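Before any comments, here is the structure.
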Amino acid sequence: MYLLFEGIDTSGKSTQIELLTKVFKDVILTKEPGGTTFGLKAREILLEDSLHSKRAELLLFLADRAEHYHQIIKKNRDKLIVSDRGFLSGIAYALANGDFEFNHLVELNKFALEEDFPDLIILFLTNMETLTQRMGEKKLDGIELRGLEYLISVQNHMQKSLEKLAIPHLLIDATDSIDNIHKIISDTIHSKRLFS
Ligand code: ADP
């Protein structure tokens with residue numbers, strides 16, 4: 001079972017993934033970008049933010065996604081795989097940053113993923129108040145505030161894109177307690193495993 005954890009920074013993905021490893025000892029953890037040898041190199045280039053062409057950047061993300069799918073997901077499809085971010089982030093950031101069309105992005109991602117989408121997407125949804133708190137308790141200036149508004153717009157793209165895709169998903173209120181969220185996610189995985 002291939003589970004994709006999605007959500008903007010500080011929404012609580014890694015906290016919950018860490019908790020899951022204690023319940024599901026056999027889980028295979030991975031992430032995008034960076035889950036493969038090529039992915040680590042791609043991640044470095046992407047974090048440098050040195051590419052001038054938005055299309056080149058998108059294609060590098062997609063190349064990483066294709067390699068990640070081929071090297072990690074495909075080989076372990078019968079096991080429990082949890083990926084920290086993946087194609088939904090890819091689509092949301094592309095929509096927020098570039099002049100791309102949703103349907104075109106879905107087709108490109110289908111190609112990278114060999115038409116094999118995750119079995120379940122767990123999307124963490126935060127709000128401005130919690131995001132501000134978790135980004136640091138300091139008072140934010142105008143530029144930093146615009147940075148947070150940008151992240152919320154990426155989150156909106158994630159949610160709207162997910163609504164248009166026919167992929168099973170679970171929406172998580174990221175402002176809920178760590179324990180409650182953990183229970184919701186682990187109960188969902190248990191029941192999915194039972195019936196799959
Ligand atoms: P992400 O992996 O999505 O970037 P993290 O799991 O690293 O987010 O969480 C960011 C910060 O918020 C961490 O300091 C973490 O302890 C805290 N945090 C995560 N989930 C919750 C929660 N449900 N309630 C309160 N704080 C949380």
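The values are calculated or read from the model by the stated rules, or taken from the named source; none is laboratory data. Source: prediction; values computed, not measured. All Cβ positions, glycine included, derive from the backbone under ideal geometry; neighbour counts span all protein chains shown. When the accessible area is computed, the model is the full protein with side chains, heavy atoms only, and any ligands, DNA or RNA have been set aside. Shrake-Rupley method; radii C 1.70, N 1.55, O 1.52, S 1.80 Å.
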Candidate residues 111, 61, 24: accessible-area rank, largest first, probe 1.4 Å: 111, 61, 24
Around residue 23: net Lys/Arg minus Asp/Glu count, Cβ-Cβ under 14 Å: +1
Alpha-carbon centroid distance for the pair the stretch 143-196 / the stretch 1-56, whole angstrom: 15
Around residue 13: net Lys/Arg minus Asp/Glu count, Cβ-Cβ under 11 Å: -2
Long-range HN-HN contacts of residue 172 with modeled amide H, under 5 Å: 123, 124, 125
Cα→Cβ-extended label distance, 7 Å offset, between residue 102 and residue 179, nm: 3.9
Per residue solvent-accessible surface (Å²) - the chain, probe of 1.4 Å: 54
Percentage relative contact order, the stretch 2-191, counting C-alpha pairs under 8 Å, at least six apart: 33
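For the ranges 176-185, 45-54, 32-41, what's the packing order if you count other beta-carbon atoms within 10 Å of each residue, average per peptide, and put the highest first? Mind dumping the intermediate values first?
Numbers: 176-185: 14.4, 45-54: 10.9, 32-41: 18.8.
Ranking the peptides 176-185, 45-54, 32-41 by packing returns 32-41, 176-185, 45-54.
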Spatially proximal lysines relative to residue 74 (Cα-Cα < 22 Å; intrachain offsets below 8 disregarded): 25, 31, 41, 110, 192
Residue of 30, 126, 15 that the Gaussian network model of the chain assigns the largest fluctuation, springs spanning Cα pairs under 10 Å: 15
Alpha carbon convex hull of the chain, projected area averaged over orientations, nm²: 11.3
Apportionment of accessible area to carbon and sulfur, the chain, percent (1.4 Å): 54
Accessible-area ranking of 85, 146, 77, 193, largest first, probe 1.4 Å: 146, 193, 77, 85
Under 13 Å, Cβ to Cβ, from residue 64 - net charge with Lys/Arg +1 and Asp/Glu -1: +1
Spacing of the two label points (7 Å from each Cα toward its C-beta) at residue 145 and residue 128, in nm: 0.8
Solvent-accessible surface ranking, highest first, for 187, 116 at 1.4 angstrom: 187, 116
Computed helical MRE - 222 nm, the chain, DSSP H runs ≥ 4 contributing -39500 (n - 2.57), nearest 500: -17500 deg cm²/dmol
Student exercise, the chain dipole from Lys, Arg, Asp, Glu Cβ charges, in Debye to nearest 20: 460
Surface accessible to a 1.4 Å probe, residue 135 within the full protein complex, Å²: 70
